[in-house]
Amino acid sequence: MVDRFSRLYVVRFSKGFFSRINDFLLNLTLRARGYNNFRNNKESGESFFIEKFSRQAILSYVLILARYGNYSKELLEKTNAKVIALSHCN
């Protein structure tokens with residue numbers, strides 16, 4: 001049943017107008033999972049993570065694909081750790 005539905009979905013939603021609906025549903029689903037849905041460190045849980053681990057003696061953090069610097073800044077303010085932030089270039 002699931003396989004049959006999957007095949008029908010792929011045929012109908014892969015082209016034309018329905019392709020745009022498919023893209024819209026994909027973007028909604030990804031946002032519901034937290035992708036590209038960042039507002040602030042507190043809401044995302046990153047501040048909680050920093051508070052939890054700031055009590056431990058962690059010497060350094062490595063951030064991969066750091067984008068804006070808010071998380072790095074908060075790490076530097078609330079811990080004594082060295083922060084290495086790597087970002088991609090456009």
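The values are calculated or read from the model by the stated rules, or taken from the named source; none is laboratory data. No experiment lies behind these values; they were computed from the predicted model shown. Note that each Cβ is placed from the backbone with ideal geometry, even for glycine, and that neighbours are counted across all protein chains shown.
Phe24: at pLDDT 75 or above, part of a helix (DSSP H, G or I) and either under 30 Å from Ala85 (Cβ atoms) or more than 23 Å from the chain's Cα centre (by Cα) (or both), yes or no?
No: the conditions fail for Phe24.
Give me a count of the residues in region 70-87 that are in a helix (DSSP H, G or I) and surrounded by fewer than 16 Cβ atoms within 10 Å (Cβ to Cβ).
Final tally of qualifying residues: 5.
Return a yes/no flag: does region 55-69 have any residue that is assigned to a helix (DSSP H, G or I) and either in contact with a strand residue (DSSP E or B) (Cβ under 9 Å, 6 or more places away or on another chain) or free of Cβ contacts under 8 Å to residues at least 60 places away in the same chain (or both).
no
Exactly one of these conditions fails for Glu46: (1) surrounded by 12 or more Cβ atoms within 10 Å (Cβ to Cβ); (2) more than 12 Å from the chain's Cα centre (by Cα); (3) of a type outside the set (S, T, N, Q). Give me its number.
In the conditions (1) surrounded by 12 or more Cβ atoms within 10 Å (Cβ to Cβ); (2) more than 12 Å from the chain's Cα centre (by Cα); (3) of a type outside the set (S, T, N, Q), Glu46 misses (2) alone.
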